[in-house]
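Each reported figure results from applying straightforward, stated rules to the coordinates on display, with no laboratory input. All of these numbers come straight from a predicted model, not from anything done at the bench. Cβ atoms come from the backbone with ideal geometry, glycine included; neighbour counts cover every protein chain shown.
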Amino acid sequence: MFLKNCWYVAAWSKDVDRELLGRVLLNEYIVFYRKEDGTPVALENRCPHRNLPLSEGRLVGDDIECGYHGMIFNCDGDCIHLPGSETAPTWATVKRYPVAERNGWLFYWPGDPSKADEALLPDYHQYNENEHWIKAQGQTYVNAGYRLILDNLLDLSHLTYVHGSTTGNRAVAEMAQLTTELDGDSVRVTRWMEDIEPALAFRQYGGFKNNIDRWQMSQFIPPAYININNGSVDAGVGADQKTRNHDQGDWGFVVYHAMTPETETTTHQFWTVAGHEDKVPEHMRELFVEQMNNVLREDLHIYEAQQRAIDMDPKALNRDANPRGTIPADEGLLAMRRVIRRRYGDEKKTAQAAD
Ligand code: FES
Ligand SMILES: [Fe+2]
């Protein structure tokens, strides 16, 4: 179940250049490249002649020459040259996808191109390229469906059990007051913890010796984006409830994730974990990046293991989680799933009406 009329991250902008990049996204094979002037292009990655992926061919100026029989396609997806012929066949076209770039990510629009409005691009990932933020960043290929990753990021009680050597401790799971809010189609889960023991990372980087007040805000933005803010102050100092969603207090960090399904059970995950330079002492920056990379690996292990268990469950619909019940911490992820289901239904209705 994929939403189509939305922007998805296709790649880090820096990874798309004058080489042809073939990538499967939402079960479609797409080739990405840049024109000579740097403009990104996304085309269906299947030659309409004998179906060789166009990414097996080569760039000729701004066009692609198929690597099998030499048809040339321009960046609108139209064949403009058939070797040995005066004219190009009109049937020889491939689909062109709208693309756009913002803050280090290259986005593409898999749905109706007439709806691809750049005003709909997400902009939560504001520090992706900011030099004043110390960043662990990457792209992870995940053998799990995108909703399992969203689940993970909307229930941060898992820090206690999955990231106990860095950001989690028992208090995170046991002591949080949980709030789940809907803002349009965005779901925001806030976890507020008062007077708790600081987890190791908070002692290491934040220098806390005593208990802290700590907050986590995890926001889902359709189709599959997550924006997380983490902050903390000495216990009792207080933190303005209104600024908690974007303020890190005395120590904290931001986390950006963009999940782009490859198939129902595999996902490209693009991510950044960033701490402001004032909050990550210079001599600890390498350690911060290493630890945050490790946090991502710890999560990867979890959702890939979940997917393997789900794949062996004959009752799991669409190879997605098949829970026998829910717990209070599921509130945010259940809200997220309701949004996706409703939007999916809306897209289906619109498509049927157009047929
Ligand atoms: S397969 Fe591309 S030109 Fe024949
Ligand atoms: Fe995690």
*Name the lysines eligible as straight-distance cross-link partners of K209: C-alpha to C-alpha under 27 Å, and not fewer than 8 places from it in the same chain.*
K135, K242, K279
*Check the straight Cα-Cα distances from K348 and name the aspartates and glutamates below 16 Å, setting aside those fewer than 8 residues away within the same chain.*
D112
*Based only on Cα atoms, what Rg/Rh ratio does the chain have, Rh being taken as Kirkwood's radius?*
1.03
*Amide proton proximity set for I80, modelled H, under 5 Å, gap of 5+*: I72, F73, N74
*asked:* Using alpha carbons only, how many angstrom separate the centre of region 88-159 from the centre of region 51-78?
replied: 25
*Measuring from the lowest to the highest alpha carbon on each principal axis, how far does region 74-148 reach, largest first, in angstroms?*
56, 29, 25
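Can you check how the C-alpha radius of gyration of region 111-261 compares to 2.2 N^0.38 Å, as a plain ratio? Intermediate results must be reported in sequence, preceding the final value.
Details: Rg = 16.3 Å, N = 151, 2.2 N^0.38 = 14.8 Å.
The value comes to 1.10.
Below 10 angstrom from the Cβ of F73, what's the summed charge of the other residues (Lys, Arg +1; Asp, Glu -1)?
On the way: positive: R96; negative: E44, D63, E65, D76, D78.
Every neighbour counted, the sum reads -4.
Of the listed peptides 87-96, 265-274, what is their order by residue-averaged count of other C-beta atoms within 10 Å, with the highest listed first?
Details: 87-96: 14.1, 265-274: 22.8.
The peptides rank, most packed first, as 265-274, 87-96.
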*Within region 37-57, find all residues whose amide N lies under 14 Å from a label point positioned 7 Å from the Cα of S85 along Cα-to-beta-carbon.*
48-51
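If the limit is 26 Å between Cα atoms, which of K35/K115; K95/K315; K95/K349; K14/K95; K115/K315 go over it? Present the calculation step by step, with values, prior to reporting the outcome.
Working: K35/K115 24 Å; K95/K315 36 Å; K95/K349 23 Å; K14/K95 24 Å; K115/K315 36 Å.
Correct reply: K95/K315; K115/K315.
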*Take the Cα radius of gyration of region 1-126 and divide it by 2.2 N^0.38 Å, with N its residue count; two decimals is plenty.*
1.07
